[in-house]
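No lab work stands behind these numbers, since they all come straight from the coordinates. The shown structure was predicted, so the numbers you read here are calculated from the model rather than taken from an experiment. Methodologically, a virtual Cβ is constructed for each residue, glycine included, from the backbone with ideal geometry; neighbour enumeration extends over all protein chains shown.
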Protein chains: 2
Amino acid sequence: MDRVDWALLGALQEDARLSYNELARRVHVSPPTVAQRVRRLENAGVITGYRAAVDPTAVGRPVIALVRMKCYGPRCITVHPELLDDCPEVVEVVRLTGDICSVVKVVTTSISELERLLVRLGGYGETSSAMVLSTPIPWRPVTAG
Amino acid sequence: MDRVDWALLGALQEDARLSYNELARRVHVSPPTVAQRVRRLENAGVITGYRAAVDPTAVGRPVIALVRMKCYGPRCITVHPELLDDCPEVVEVVRLTGDICSVVKVVTTSISELERLLVRLGGYGETSSAMVLSTPIPWRPVTAG
DNA sequence: CGTGAAATACAATAAGC
DNA sequence: GCTTATTGTATTTCACG
């Protein structure tokens, strides 16, 4: 992780579709070197994927919520996330320290769909939900800082 | 948003670096059609960007936390997110309904750096933090479902 | 580990269906 | 609005320093 690696990481976090030529220009190394470095970062697990970011509202899923879970013992969704494989509305689950065992981000078409999902999640634990009004900072790159 | 658009969205959420040729092969339309459709999705605000996903642990930032904020009146960070412009550790802020005004995701190198950040955030409101133990579901694509 | 030069593959435009 | 064809450029691999 030298200065070149961080520059590549920064550029790819801002725009994952930049070509190796364009990256080479910005980082001031040759295109093959860029290709080699990027592959190294991928294989080392630093870059875990490249994703198009989709605005849920723009595709008819304007109802977003964060659900805090206190799971009932061994069926905890943090240890069995596959329980949610048939819930495409669930887009993220993070396991936490403290009395809240996880926070689940859900993206739904409507309040009633959200309600159905909360019923489903309620089967795994105590839920407490809050709707997302907006996302003042949707993301930030991880930097060398 | 017909079936082809959803297929393109799905493919680009899984791998944002797929070429138009490769996308054309998978979705069974011609490359120029892919280019046209993808550009339409970008301009319509459906695709808001393409980002490389970075594993914070792999770059020396293993201490991740979710901080719930109850801001003090008008200096609420949800209405003035620029207050956090000089905090690169803050990677996401979502505004919520309910008594918690926002949840802030922070990515830090160490517990002591997390502590410094909590002091800073404490200047804007009451904080309640929980550390991220793992991410059982780090993300999921938005689908036609 | 980095650079340079080869063949291959890709993107973009324009024209036609 | 989708496809085919063409042109120019980008990407990749290999060989070399």
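Here are the numbers:
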quantity	calculated
Exposure proxy order (Cβ contacts within 10 Å, fewest to most) of B:Asp15, B:Asp85	B:Asp85, B:Asp15
Inter-copy spacing of A:Arg40 label points, which lie 7 Å from Cα along Cα→Cβ, given in nm from shortest upward	4.3
The stretch A:57-131, relative contact order in percent, only Cα pairs under 8 angstrom and at least six apart counted	47
Anisotropy class of the stretch B:3-43 from Cα gyration tensor, a/c 1.5 cut	rounded
Cα gyration tensor category, rounded, prolate or oblate, for the protein assembly as shown with a/c compared to 1.5	oblate
Minimum Cβ-to-axis distance in chain B for the rotation onto chain A, with residue, whole Å	B:Ala16, 2
Using a 7 Å Cα-to-Cβ projection, B:Pro88 label spacings across copies, nm, ascending	3.8
Among B:Ser102, B:Ser19, B:Ser110: highest mean-square fluctuation, GNM of chain B, C-alpha pairs under 10 Å	B:Ser19
Percent of C-alpha pairs per 10 Å bin, the stretch A:34-119, short to long	14, 35, 28, 18, 4
5 Å-binned pair-distance histogram of chain A (Cα, whole percent)	2, 8, 16, 15, 12, 12, 12, 11, 7, 4, 1
Shortest-first nm distances, A:Arg75 label point to equivalent points in other copies (7 Å, Cα→Cβ)	4.7
Kyte-Doolittle mean at least -0.5 and Cα axial length at least 15 Å: DSSP H helices in chain B	B:3-14, B:111-122
